[in-house]
1. Got a sec? Which strands (runs of 3 or more DSSP E) wholly within the range 138-252 have at least 3 residues that are in contact with a Leu (Cβ under 6 Å, 6 or more places away or on another chain) and either within 16 Å of the ligand (Cβ to nearest atom) or under 23 Å from residue 106 (Cα atoms) (or both)?
2. Exactly one condition in (1) modelled with pLDDT of 95 or more; (2) buried (at least 18 other Cβ atoms within 10 Å of the Cβ) is not met by residue 158; state its number.
3. Please go through the range 85-106 and pick out each residue that is within 12 Å of the ligand (Cβ to nearest atom), surrounded by 18 or more Cβ atoms within 10 Å (Cβ to Cβ) and part of a helix (DSSP H, G or I).
4. Could you figure out which of (1) out of contact with any helix residue (DSSP H, G or I) (no Cβ under 8 Å at 6 or more places or on another chain); (2) over 23 Å from residue 161 (Cβ atoms) isn't true of residue 42?
5. Looking only at the range 22-69, how many residues end up being under 26 Å from residue 174 (Cα atoms), surrounded by 18 or more Cβ atoms within 10 Å (Cβ to Cβ) and without any contact (Cβ under 8 Å) to a residue 60 or more places away in the chain?
6. If you check residue 178 against the conditions, is it farther than 23 Å from residue 197 by Cα, β-branched (Val, Ile, Thr) and under 18 Å from the mean Cα position of the chain (by Cα)?
7. Let me confirm something: among 78, 119, which residue is over 19 Å from residue 168 (Cβ atoms) and either modelled with pLDDT of 95 or more or in a helix (DSSP H, G or I) (or both)?
8. Give the number of residues within the range 107-130 that are farther than 19 Å from residue 147 by Cα and either within 12 Å of the ligand (Cβ to nearest atom) or small (Gly, Ala, Ser) (or both).
Amino acid sequence: MSLPKPLIIGNWKMHGLSAELETLVRALAKRHAETPKPGTLGICPPFTLLIPAKAVLQGSGILLGGQTCHAKGQGAFTGDISAAMLADAGCEIVLLGHSERRAGLGETDADVKAKAEATLSAGLTPVVCIGETEDQYVAGETLDVLGAQIDGSLPDGADAERLVVAYEPIWAIGTGRTPTMDEIAKVHAFIGERLAAAGVSGTPVLYGGSVKPDNAAAILALDGVDGVLVGGASLKVDDFFTIYAAGAGTAA
Ligand code: 13P
């Protein structure tokens, strides 16, 4: 089953203690219940909060996601978590290949592909993240880099109904800088063509990198942008809900 567009997904990264179940998760569920919008709203908190967050989100229509998973279903992999465990905790999506994991932990395209296949096997939807460094952007290599990441990271047997791609220019993450709207539109058009060539035409493509309440409407209005992946602003209920409302073309 495909996820209704636009998709507004919050990546909490390594933020969030149990106190945030009330101040963030319950508060978001309340806002969503009061003023529901078309589209898909989801959050990816840290592993420790998944099960209690699921309890808070029960019946809210807000999706829960993991921030990564192991490629194997179980085994002697200390400190890791499997897609089956994320499914068991109530997740429906898994972020994979975030640049913070590619750069900081050496995740390769092949790793991301294997994890995406494990995610599909567990019945979850992979959100495959791709993006260029600032050097690559300046050198005009963005499309080559993204094309190679798409070709290397997509799971075998991918199906547009059960796949999401997130374009996150690394230099835009947490910096307050974004590409121009024209650049985002061009990159998304390229990604859409590359996905079509890979047989997964219609896969939702999200933009991520310094999405804030004041730029979300313009970004979400662009052709080829099917949603946003939000870091810092997803940790503030008002900001995150305003971004979600922007996707629906309505003021919060
Ligand atoms: P920021 O929204 O904080 O720039 O983070 C983007 C991101 O990395 C989402 O995955």
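The values are calculated or read from the model by the stated rules, or taken from the named source; none is laboratory data. Here the structure is a predicted model, which is why all the values come from computation and not from measurement. Here the Cβ is made from the backbone with ideal geometry for all residues, glycine too, and neighbour counts use every protein chain on show.
1. 227-230
2. So the condition that residue 158 fails would be (1).
3. 99, 100, 101, 102
4. (2)
5. 14
6. It is true that residue 178 is farther than 23 Å from residue 197 by Cα, β-branched (Val, Ile, Thr) and under 18 Å from the mean Cα position of the chain (by Cα).
7. 78
8. Qualifying residue count, the range 107-130: 4.
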